[in-house]
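Okay, so here's the structure we're looking at.
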Amino acid sequence: MVNPVLFIVVPLGLAFAIPLLKYISKKIIRFVPALAFLFNLIFALRLIPVVMDHQVHVQIGGFIPPLGINLVAGPVGMLFVVLIALVGFLVSIYAFHPIKEKDEDRYHILYMLQLTGATGVVLTGDIFNLFVFFEILCLASYSLVAYLGNRAGIESAVKYLIQGSLGSGLILIGIGLLYGQFGTLNMADIAGRIHSVQSISVYVPLVLFITGFGVEAALFPLNAWLPDAHSSAPSTISAVLSGIAIEVGLYAVLRVVFTLFGITHMMGLFLLLGVLTLLIGELCAFSQDNIKRMLAFSSIGQIGLLVFAFSLASTLGIAGGFFQLISHTLGKALLFLAAGYMIAHTGSMEIASFQGMGKRMPFTSLAFTIGAFSMVGLPPFMGFPGKFMILKAALHDGQMLTLILLVFILIATVIEGAYFFRVVQVLYFAGEDLPDRERAPVAFSRFVPMFLFTGLIIVLGIYPSLITDLLDASALELLDRPDFIKSIIP
Amino acid sequence: MKLEILLAVVFGGSLLTYLLGKISKRARDILAILVLLAATAGIASLYGRSSTAILCTGFLDFPLVLRIHPFAWIFALTIAVVGLCAVIFSWHYIRKKGRTDFFYFMMLLVISSMIGIVLSGDFLSFYIFWEIMSWSTFLLISYNREEAIAAGMKYIVMSVAGSLVMLVGMISLYTQTGTLVFEGITRNLNSASSGYLQFILILFFVAFGIKNAIWPLHVWLPPAHSEAPSPFSSVLSGILIKIGTFGFILLIYGIVQVQVFVNLGHALFNVRNLLLLLGAVTILLPTFIALLQDDAKRLLAWSTVAQAGYMILGIAYGTSESLSGGTLHFFNHALFKSLLFMVVGAVEFRTNGVRDLNSLGGLIKKMPVTFAAGLIGVCGLIGVPLTNGFVSKWLIYHTLIVNHSPFLAFVALLGTWGTILYSYKLIHHIFLGQLPRKYEQLNAAPVSMKVPMIFLSLAVVVFGVLPGLPLHVINLSEIGFGMEPLAINMWGVVTGSGTIQMLNIATALTLGGIVLWLFFRMGRKNTRADQLDNYAAGAPVPADRYQYSVKFYDPLTSMIAPYLKDTADNFYSALARGIRNVGNGIRRIYTGDVGNYVMYIILFLAILIFIQLYWKVW
Amino acid sequence: MRKLISIILLGMVATGLFMSISQIPFGEPGERIGDHFINQGVNETGATNIVAAVVVSYRGFDTLGEVSVLFTAAMGLGAVIGLVRRKKTHTPIEPASLIVYTGCRFLFPVILLVGTYIVIHGHLTPGGGFQGGAVIASAFLLMYLGCRGKRIRENLSRGLESLGGLLFILLGVTGLVIGRDFLFSFLPEGEAGNLISAGIIPLIYMAVGLKVGSELTGIIDHLIEDTDELPE
Amino acid sequence: MEIIAGILVLLMIASAIAAASFQDLMNAVIASCIVSLLAALLFYLLQAPDVAMAEAAIGAALVTGIFVIAVKRTKRFEE
């Protein structure tokens, strides 16, 4: 068994080492991220059976919590670690071929730091430590958005920076308030005592956290940075932002709401918020002509669906939410990669310019199509079990509010279907039929990640049982708060 | 043949066909036909069997079950046979087009998933196959590019909406009964309240109604049918929309049970009356809209909508006779409508894509076999005795009249009159009248098109004379639903208030025909006049001034057209535009001014704090 | 109008924050973690500067994270600044006056020395890696301002930066290697108050100082890079 | 003691307002530098020498330097 702290330390160390490695050879640094996340992926997968049995707690520096910082590798954490490592690994293969001639080393360093930050956020059991890693994630994201160096990129990065910093500031105030109140920063320790105080002094940190993390999690109306940032970042980064960054933000919100504060009675509000986010995201995506903006708005919509699922606060709902989360991560990463490759080929982000791609780039188009079908929730792809589980949870819940909101979810899904199918039609059927000859060559580094993502989407769509046990355990970890607290602070 | 193997053969065969197409086109075409032949043989070998098989024990903790029973058998066989005909028909048809591997792959995938649907024994596998069918159909409809793209879009949006509604209904059934297997649901549904049942029924009716194209959910059908490649149009019209019919029968007779269904709700509003009413509207409006069409395929498409109304009437009426009528009409319609689409497809193929009725005419000389097939198909559609449509329509009329539903019976009759009118328009505009000059060099349809057309024409006649064959299977399935079977024999049906025996009718008609023929033969000596051998006001008329058989329904159509606006279609278009406008409006939230964005964040925070200050939620 | 709305919203937020803070007993004794640090900190870590004990020992992982935040910021800045580099304007910038020039050259080693002192004595007296690193960087800032044209080699600063980070991580991993926790203080604590005491705290502070100093210097270097274009 | 702290806080507020209201950004930078210095002093008085040091080095020196460079690279006067 490997110590979970290595999932953070190894990529971090390799990121630190890249400037030194550059002296040895400029070529090898592009393989470093893949190496780091392959390590994470393999060992995280091997750790999964262990954490299914019991949570793995790691102390840092030999101090028992709440004195020192501890890591909590439970099912939820490991689920995210595996997901981050998987996406990180595959997307870094895509970047074997340099995104831009200059500053390649900085790209790889920032990319690794971004995902290391994400890994840290999901593993830590300490609220301030969570904030620190969250900052790494955000800072790396800001600069990666501007990486291409065009005007749009820098402008949206600055906007992202302003909103993200505001969010971080709010989180920090919240942490300060909590520390002032309870004198501890350990999440389990705070959680154990939070219900002893029934006043606004606990509520204000809660809303500060929700707002602060909500900015990164792209809850409506905190998500205004997202469309710009996702559309002007390099495609690999869009894939990671959409597939990992906002999910990690959502993880932070979940941790705060379920574990730290143990809220049970405000879920109606979150349900509403989720459906609102969903509807607005899908409606905006529906009227987009720019493919990356469309995908970005679709991410907002998906986050809304996830928020809805998690807000059901039942085992079914949370497990379904996690399934949908994985499905969204894989699907959206695939979509961004495929779209990015096509954009690189045509030089335009307009959907209309993708005419005839089905002939020119058959594999990429197929990958995009499968990703789109999975997003809409068609079997036998991965989106279907996710949607199925969420609907099941919502109907099982059976409250009037849930059922009414369900109608809007269905409408939003239809809208989502409409714009994704439109793109599929453009890929294959719009314009004149081209002869078979005009086929663009497929770069190996582009082909492999898309192929693997596609494969995963199909395999998990057909055998969802491969991961449902882990999802159920994750749901239990979030819901069974007393157990979580007791296992850390006996 | 085991059910799992059957499914593996069809699905695996589809994929294999696609891959083989990369190597050899000819081998691919043959393999596609072989796969469907194997499927047909496999299904045929399952005749009369009732069994279940477990496909997979745990998909999200639900077992996926397959089952076969006579009712599924007749659907599966029809699907396989019509699918086979369509694939044979494609042999020449598709060669002119691009992306042929894809076409075959999707075609086989659609057929496979339809077989999957009728063989599934639980709602989850039903839904999975249903969705595979939906998206593969979408890709095939869009295959023809240009207008087909809009048609495909319309189809898939409605289809997704319908299947989501079905998903909700399905999961609701699960939360009510704790299982998704059909038998289990039937067993556990006894305790459900009638309100709940109506709710479930309406949910499923939306889903099935969209596939089955019941007014006002039919709007996807006319463009989809007319824009899809013709072999697929025949699959689409012949069997795909009948999957909706299958769903209706399964739900009403297989799950809810027909006694419960008939007695559901009170007199003013219940699902059955609603369905009957919609069935009537579905017969009436589309029949006359079909009359207005000038596009051959669109005309047939509207006719399909109208015929679906008959099936709905039969199914929703809820007696064993009406069910027999509805199911038989499904079976017959599959035969003659796919035949008619092939006829139009053959014409379209030879004339390089001309479907406009007004620019065709006189093709009877050039394509005699196609004409004969078209004539038989049209006869079936109208319900002329000795073709299969007669028996099924007779059963439906008989039910309606015997059970005192004069309104419905009248509507059905009106529908048939309309059918006669548009059928005649179809056959006349294409095959009769003057042959335009440009078509004088036209060839007859290739063999690969003739074979399925002849086969289907024969089937139309054979099942018209021997209706006992399908009715026997239908009886078996009715027994399976726990209903009283009809009294039938090989030649027809015996009921208390009327009997239909095709043997008698056939004899009478044959004798009458011979007498007539003799009468004419002996009474008159006829001469054969050349087409140009006539005069108008004493002067010869140039050949191109002869009537090209255009617009002779104009007086009628101009009279009825104002009442036949497709309001449903306009409604949906307005809805789509509205959503797009709303989307454009909402996008304004993202102004691009970061000051506003920061304000949103503060606003959110302020609202949350306000909630606490005002309502004290914590 | 917009201003009015902003004021109302901010007022609402401020009300919430005020109501929250007014009920929080800040700074009162009885915080169990804080008490533990104050009472047991010296015993457990051997550092007389409790802040250093908390920063490096108890919450050493946060420090690693913060160092990474700084690293990320420096990297990001480098990536972005490199991008928007404008066309170099060859407007010569007049050199600083002689007094400033001399003063800077005189102060530079002194500040550097103070910074190093602060770093090395972090576990004994107030200060530590961050503060020391910042002081070191400010020495370079002074150098850039006063003695224009003198530049640190970019490769050197980036190498030191990497080295500092790697050192930190290696020190942490050593704890794992000997079979204990990450960042475990594997060196003897020694006698509190001595320069060589407090386990790995001084070592980590040195790594941090190295990293922070070179990073902040790097940031300044990047910013100055194309504004100051001296005539050759 | 408390009086000194109070004066410091008042001065800080005054400097902060000044920083926000100066049209000349260079003046604003200097004013914010004063805020940082006063804050460092306040921290020292509140017995937090570590924080005071950090604030003095980073807030007063480095940040000011960076701001000066930033202002130099853009426009000096606010519109």
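Scanning the stretch B:42-49 finds one or more residues that are assigned to a helix (DSSP H, G or I) and within 23 Å of the chain's Cα centre (by Cα). Taking residues in the stretch B:559-583 that are part of a helix (DSSP H, G or I), and partners anywhere that are polar (S, T, N, Q), the pairs with Cβ atoms closer than 7 Å and at least 6 places apart or on different chains are B:ARG580/A:SER287; B:GLY583/A:SER287. For the stretch B:468-521, the set of residues classified as more than 30 Å from B:VAL260 (Cα to Cα) and part of a loop (DSSP other than H, G, I, E, B) consists of B:MET490, B:TRP491, listed by residue number. All of A:ALA95, A:ALA85, A:ALA146, A:ALA140 fail the test of being under 24 Å from A:VAL32 (Cβ atoms) and touching a His at 6+ places or on another chain (Cβ under 8 Å), apart from A:ALA95. Residues of the stretch A:191-229 that are within 12 Å of chain C (Cβ to nearest Cβ) and either polar (S, T, N, Q) or in contact with an Asp or Glu (Cβ under 8 Å, 6 or more places away or on another chain) (or both): A:GLN198, A:SER199, A:SER201, A:THR211.
Number of residues in the stretch B:393-417 that are out of contact with any Ser or Thr (no Cβ under 8 Å at 6 or more places or on another chain) and closer than 12 Å to B:LEU328 by Cβ: the value is 1. Of everything in the stretch A:1-17 that is in contact (Cβ under 8 Å) with a residue 40 or more places away in the chain, surrounded by fewer than 22 Cβ atoms within 10 Å (Cβ to Cβ) and more than 7 Å from every other protein chain (Cβ to nearest Cβ), the residue that is farthest from the chain's Cα centre (by Cα) is A:MET1. Per the listing C:GLY122, C:GLY129, the residue uniquely at pLDDT below 85, more than 10 Å from chain D (Cβ to nearest Cβ) and under 14 Å from D:MET53 (Cα atoms) is C:GLY129.
Restricting the stretch A:115-163 to residues that are of a type in the set (D, E, K, R), in contact (Cβ under 8 Å) with a residue 24 or more places away in the chain and in a helix (DSSP H, G or I) leaves a set whose member that is farthest from the other protein chains (Cβ to nearest Cβ) is A:GLU155. Residues in the stretch C:1-50 that are more than 30 Å from C:LEU203 (Cα to Cα), at pLDDT below 85 and either surrounded by fewer than 13 Cβ atoms within 10 Å (Cβ to Cβ) or more than 9 Å from chain A (Cβ to nearest Cβ) (or both): 10 in all. Scanning the stretch C:132-161 for residues that are modelled with pLDDT of 80 or more, more than 22 Å from C:SER57 (Cα to Cα) and within 14 Å of chain A (Cβ to nearest Cβ) gives C:LEU156, C:SER157, C:ARG158, C:GLY159, C:LEU160.
Take A:GLY68 and tell me if it is touching a helix residue (DSSP H, G or I) at 6+ places or on another chain (Cβ under 6 Å), closer than 25 Å to C:VAL69 by Cα, within 10 Å of chain C (Cβ to nearest Cβ) and not in a helix (DSSP H, G or I). It is true that A:GLY68 is touching a helix residue (DSSP H, G or I) at 6+ places or on another chain (Cβ under 6 Å), closer than 25 Å to C:VAL69 by Cα, within 10 Å of chain C (Cβ to nearest Cβ) and not in a helix (DSSP H, G or I). The residue list B:ILE141, B:ILE79 contains one member that is buried (at least 23 other Cβ atoms within 10 Å of the Cβ) and within 14 Å of chain A (Cβ to nearest Cβ), which is B:ILE141.
Scanning the stretch B:244-280 for residues that are among the aliphatic types (A, V, I, L, M) and out of contact with any Ser or Thr (no Cβ under 9 Å at 6 or more places or on another chain) returns B:LEU250, B:LEU251, B:ILE252, B:ALA267, B:LEU268, B:VAL271, B:LEU274, B:LEU275, B:LEU277, B:LEU278, B:ALA280.
On the stretch given as the stretch A:74-114, residues that are within 14 Å of chain C (Cβ to nearest Cβ) and either at pLDDT 90 or above or surrounded by 24 or more Cβ atoms within 10 Å (Cβ to Cβ) (or both) total 8. A search for C-beta distances below 6 Å between a residue of the stretch B:156-180 that is surrounded by 22 or more Cβ atoms within 10 Å (Cβ to Cβ) and any residue that is not in a helix (DSSP H, G or I) and not polar (S, T, N, Q), counting only pairs 6+ apart in sequence or on different chains, returns B:MET158/B:TRP220; B:LEU180/B:PHE62; B:LEU180/B:ASP122.
The values are calculated or read from the model by the stated rules, or taken from the named source; none is laboratory data. Bear in mind that the values here come from a model prediction, so they are computed numbers and not experimental data. A quick note on method: Cβ atoms are made from the backbone with ideal geometry, for glycine too, and the neighbour counts reach across all protein chains shown.
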